[in-house]
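A short write-up of the structure that comes next.
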């Protein structure tokens, strides 16, 4: 199993790096356009629920396709694999990154602060994944949305001179997406669906 996980991480690294590059490009535009903190927060609270929907869809679909598909199990795996891991990717990693960089940054837990928005988003993704288990395109969208949500967490809840920090921000964007998204979309199905998963990434 660990060899399979390592293989999936290697295969997903190039697209994750591409996503991080798009995030850096967006951050440059945000800085040059002097986008306000309030606007960044609005964008973040649009991207994060969308990320949760796609994460829940992919996680649920993978589990549904390669397990007995009991609805209560799909619900639990889809919820934990989306809300829990999306929180790590979009909020906790950027917060820790900002803290390590010594910038002023707030700690926000979206599924607590905005529970009325995040939980329905997760349930929507789980429902779609259960009824129509497809993974490839939603997974790619999941990676991009996660990257952009992580980016806007920095600008929504942090205050810094961002341009000099861009190389380090790139690293944090990459890590915030690479491991959590692969855990959500791949490791969860590997752990809970048994040994019948295909030998290629979603």
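List of remarks:
- For region 57-123: relative contact order, % (alpha-carbon pairs under 8 angstrom, 6 or more apart): 29 percent
- Ordering of 55-61, 110-116 by burial proxy (mean other Cβ atoms within 10 Å per residue, highest first): 55-61, 110-116
- Rounded, prolate or oblate (a/c below 1.5 giving rounded, otherwise prolate when a/b exceeds b/c) for region 1-50 by Cα gyration tensor: oblate
- Theoretical gain in end-to-end length, residue 29 to residue 124 [0.36 nm per residue, Cα-Cα removed]: 31.0 nm
- Between 83, 53, 28, the residue with the greatest mean-square fluctuation in the GNM of the chain (Cα pairs under 10 Å linked by springs) is 28.
- Within a Gaussian network of the chain (alpha carbon springs, distance under 10 Å), most fluctuating of 47, 166, 144: 166
- Note on the chain: helix-only mean residue ellipticity at 222 nm, from DSSP H runs of 4+ residues weighted -39500 (n - 2.57) and normalised by residue number, equals -23500 deg cm²/dmol.
- Of the peptides 17-26, 150-159, 121-130, the order by per-residue mean of other Cβ atoms within 10 Å, starting with the highest, comes out as 150-159, 121-130, 17-26.
- Ordering 148, 178 by the number of other Cβ atoms within 10 Å of each residue's own Cβ, fewest first, gives 178, 148.
- Whole-number percent relative contact order across the chain, with pairs defined as alpha carbons under 8 Å at least 6 apart: 39 percent
- Choice from 14, 94, 180 with maximal GNM fluctuation in the chain (Cα, 10 Å cutoff): 14
- Per residue, the Cα convex hull of region 1-145 amounts to 126 Å³.
Read-outs throughout are calculated quantities, based only on the coordinates presented, and are distinct from any laboratory measurement. Just so you know, these numbers come straight off a predicted model, no measurement behind them. FYI the Cβ positions are ideal-geometry reconstructions off the backbone, even for glycines, and counts take in every protein chain you see.
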